[in-house]
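In what follows, a structure is listed as structure tokens, so that the remarks can point back to it.
The values are calculated or read from the model by the stated rules, or taken from the named source; none is laboratory data. Given the structure is predicted, the values throughout are model-derived calculations rather than measurements. Glycine also receives a Cβ, built like all others from the backbone with ideal geometry; neighbour counts cover every protein chain displayed. SASA here: full protein model, heavy atoms, side chains in, ligands and nucleic acids out. Shrake-Rupley method; radii C 1.70, N 1.55, O 1.52, S 1.80 Å.
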Amino acid sequence: MRLAPAAELLPLPERGRRFKAARTVRLSDVDRRAAVRFDAIARFLQDVATDDADDCGLNNSFGWVVRRTMVEIVQPARLRERLSLTTFCTGTGRSWAERRTTITGDRGAAVEAVSLWVQVDLSTGRPAALGDNFHEIYGEVAGERQVSTRLSLPGPLAGVSRRPWSVRRVDLDPFDHVNNAVHWAALEEIVGLPGSDRRGRAETEFSTPIDLDTAVELHIAELADRSDLWLVADGTVHTTIRWTPAHAA
């Protein structure tokens, strides 16, 4: 049986490929309180994954789309903080792989993340099987751990607040879909409010791509111990986000 995807923060492996990179938190990455936003974290995760693939000569290094990501913020990163990112593979499937990333900062930032990425054919956009090249590079660190692509977060609740969610041309990637990092900006409607605390766990699942012509609504349910958000168009859920603050975990 394959394990649920991107649901477990496994520790750093003792052997096998690990890739390290550094980033500095810039003005475009932070909110009004100079704390790193979730969409910026998503870009960091995307960039270090691509850097790893390029560094090791992986075929099709840009041909990956995100299925699910979980991010746990122990201590938020701040403006001008120097970040160290360590990433490694923690599981595979036919056309997908799970990737863990640890982020630490020289001012105390501590962020843990895990994502499930699906490899796609750049010419067709359809899933493409992992090849020998991938397994030669990541096989030792991934081991025999098999993960699935199944999603687990629930659909929208009745009676939630709704508001339009704009799709801009600048949000599109080379697949003509809204980039995964842009979806994370929806969470800023909750954690970006004055008085909110960024420490906690966020989970995002990407069900259906969003393109430029999609008329999207953001649905928000603020519950006792968490907040659930959905990007919805014509009754179809494209993205689901769950935010569980540290004090409620």
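From the alpha carbon centroid of the stretch 34-79 to that of the stretch 137-207 is 12 Å. The modelled label-to-label distance for the pair LEU10/SER61, using points 7 Å beyond Cα in the direction of Cβ, is 2.3 nm. Taking all protein chains in place and a 1.4 Å probe, what share, in percent, of the accessible surface of the chain do carbon and sulfur account for? Carbon with sulfur: 48 percent of the solvent-accessible area. Restricted to Cα atoms, the stretch 47-198 shows a radius of gyration and a Dmax of 17.3, 50 angstrom. Per DSSP H run of at least 4 residues, take -39500 (n - 2.57); add these up for the chain, divide by its residues and hand me the 222 nm value, nearest 500 deg cm²/dmol. That comes out to -4500 deg cm²/dmol. Using a probe of 1.4 angstrom and keeping all protein chains present, the accessible surface of the stretch 112-234 works out to 51 square angstrom per residue. For GLU136 and ASP51, the FRET efficiency from 1/(1 + (r/R0)^6), where r spans their Cβ atoms and R0 equals 25 Å, is about 0.85.
Counting every alpha-carbon pair across the stretch 1-86, the share separated by more than 16 Å comes to 63%.
Restricting to the chain, what percent of DSSP beta bridges are antiparallel, rounded to 5? The answer is about 95 percent antiparallel. By DSSP, the beta bridges lying fully in the stretch 1-149 are antiparallel in about 95 percent of cases.
Charges were assigned to the Cβ only: +1 to each Lys and Arg, -1 to each Asp and Glu. The resulting dipole of the stretch 37-78 about its Cα centre is roughly 300 debye. Each Lys and Arg contributes +1 and each Asp and Glu -1, all at the Cβ; summed about the Cα centre of the stretch 1-160, the dipole is approximately 520 debye. A straight chain from ASP173 to THR86 at 0.36 nm per residue would run longer than the Cα-Cα distance by 28.8 nm.
Listed values for the stretch 25-31 are Karplus-derived 3J(HN,Hα) couplings in whole Hz (6.51 cos²θ - 1.76 cosθ + 1.60, θ = phi - 60°), namely 6, 9, 4, 6, 9, 10, 8, and x replaces Gly and Pro. Considering only LEU153, VAL182, PRO194, and ranking their Cα positions along the charge dipole of the stretch 153-208 that arises from unit charges at the beta-carbon of Lys, Arg, Asp and Glu, the one farthest toward the positive end is PRO194.
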